[in-house]
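Quick notes on the structure that follows.
The numbers here are math on the coordinates, done by the rules we state, and not lab data. Worth saying up front: this structure is predicted, and the values here are computed from it rather than measured. Positions of Cβ are generated from backbone atoms using ideal geometry, with glycine treated the same way; all protein chains shown enter the neighbour counts.
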Amino acid sequence: MRILITNDDGYEAKGIKVLADIMSRFGEVTVIAPKKHQSGMSMAVSLGFKQIAHKDLGNGWHYVDATPASCIKFGLNTMFLDNFPDVVVSGINHGSNAATASCYSGTLGAAMEGALNGIPAIGVSLDTLHPDADFKGVEKYFGDIFEKLMKEWPSKHGVYYNVNFPDIPVEEIKGVRVGVQGMGRWVKEFKEWDLSHYARYGITPELLGQSSTPVVEEGEDLYMMVGEFTDDPRNPENADHRLVADGYISVVAHNIDCTDYEETEHLKRIF
């Protein structure tokens, strides 16, 4: 099995190193990851005739100075041009990609790029931003999850899976549950820029490709996005973020086809 791996935290993140080790049990691993942190990029691509740097790091590892989806595009248009990989696995993301976070996720954007090209694709995330996160739960459970998903991969086009792990000791994980994308939104998202916000999550601006002493032009105010998630009370019990909060690993089936088929039938009656 040929496995293409990427992430949105950058090639030096702990999560992608753990994922590469896990996936090496299943076949030949190629890593093509962003050079820099690329969270929140969703399926954005590096267009506009931008210069895109690539570096072969050896032992099947590469970085591309581009978005996660662009890293997959790069692989499919160069190293895998004549023979696509058997699967794309994106992660392990430092931070939850459950609920509406999945709409913004660069981790899942890379999986979407794989699915768009007809390749089985899986995004994997752990519910903590800490750079030295404990991935023992992922190491214990994800191999089995991966095998089960690959064994019965659906024939329909566009499917990709979103797997989220709780940030708890491995012995406290209750198991795996099939979920649905939870709903909610972030409020009070823009806060004045303050280093203490980074410290709260155990990270630094440099880890995100920023500076602890940013330069601003005269008259500018500096803000950062540090929102507070509010749960939608209409969520079912198996909403993915609720499962994760309750100590389960959530597995959600997504599809790149955004068509609302029920509403399509309604439109046909109108037009």
* Structure fact -> Quick note, the stretch 124-271: a/c under 1.5 would make it rounded; otherwise a/b > b/c is prolate and the rest oblate (a ≥ b ≥ c, C-alpha gyration tensor); here it is oblate
* Local charge sum around Met183 (other residues, Cβ-Cβ under 9 Å, Lys/Arg +1, Asp/Glu -1)? -> 0
* Name the residue, out of Gly27, Gly123, Gly58, whose mean-square fluctuation peaks in a Gaussian network model built on the chain with Cα pairs under 10 Å. => Gly58
* Structure fact -> Here the stretch 246-253 yields Karplus 3J(HN,Hα) values (6.51, -1.76, 1.60; θ = phi - 60°; whole Hz; Gly and Pro given as x) of 8, x, 9, 8, 9, 10, 10, 8
* Structure fact -> Taking r as the C-beta separation of Thr230 and Lys148 and R0 as 25 Å, the FRET efficiency to the nearest 0.05 is 0.15
* To do: Identify the trypsin sites (Lys or Arg not before Pro) of the stretch 84-191 meeting these criteria: DSSP loop state and at most 14 other C-beta atoms within 10 Å of the C-beta.
  => Lys156, Lys174, Lys188
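Taking loop as defined by DSSP and a crowding limit of 11 other beta carbons within 10 Å, which chymotrypsin sites (Phe, Trp or Tyr not before Pro) in the stretch 5-113 fit? If you can, show how the numbers build up before the last one.
Numbers: sites: Tyr11, Phe26, Phe49, Trp61, Tyr63, Phe74, Phe80, Tyr104; in loops: Tyr11, Phe26, Phe49, Phe80, Tyr104.
Filter output for the stretch 5-113: Phe49.
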* Net charge near Ile249, counting Lys/Arg +1 and Asp/Glu -1 over other residues with Cβ under 15 Å of its Cβ? -> -4
* PRE reach from Ser212 (point 7 Å along Cα→Cβ): which of the stretch 2-23 fall under 17 Å by backbone N? -> none
* Asked: So for the chain, taking the charge dipole from beta-carbon charges (+1 Lys/Arg, -1 Asp/Glu), which of Ser42, Gly247, His62 sits furthest toward the positive end?
  -> His62
* Structure fact -> Ordered by number, the GluC sites (Glu not before Pro) in the stretch 218-268 that occupy a DSSP loop and have at most 13 other Cβ atoms within 10 Å are Glu218, Glu220, Glu237
* Asked: From the phi of every residue in the stretch 147-162, what ³J(HN,Hα) in whole Hz does the Karplus formula 6.51 cos²θ - 1.76 cosθ + 1.60 yield, where θ is phi - 60° and glycine or proline is x?
  -> 4, 5, 5, 5, 5, 10, 5, x, 7, 5, 6, x, 6, 9, 10, 10
* With a ≥ b ≥ c the root eigenvalues of the C-alpha gyration tensor of the stretch 63-155, is it rounded (a/c under 1.5), prolate (a/b larger than b/c) or oblate? -> oblate
* Structure fact -> CD proxy, 222 nm, the chain: helix-only mean residue ellipticity via -39,500 (n - 2.57) per DSSP H run with n ≥ 4, per residue, nearest 500, stands at -7500 deg cm²/dmol
* Structure fact -> Most exposed first, judged by fewest Cβ atoms within 10 angstrom, Phe165, Phe84, Phe146, Phe271 run Phe271, Phe84, Phe146, Phe165
* Points 7 angstrom from Cα along the Cβ direction at Lys55 and Tyr104: gap in nanometres? -> 2.9 nm
* Where the only charges are on Cβ atoms (+1 Lys, Arg; -1 Asp, Glu), what is the dipole of the chain about its Cα centre, to the nearest 20 debye? -> 680 debye
* Asked: Going by how many other beta carbons lie within 10 Å of each one, how would you line up Asp9, Asp134, fewest first?
  -> Asp134, Asp9
* To do: Just rank His157, His241, fewest to most, by other beta-carbon atoms within 10 angstrom.
  => His157, His241
* Structure fact -> Largest-first semi-axes in Å of the equivalent ellipsoid built from the Cα gyration tensor of the stretch 120-180 are 23, 13, 10
* **Rounded, prolate or oblate (a/c below 1.5 giving rounded, otherwise prolate when a/b exceeds b/c) for the chain by Cα gyration tensor** => rounded
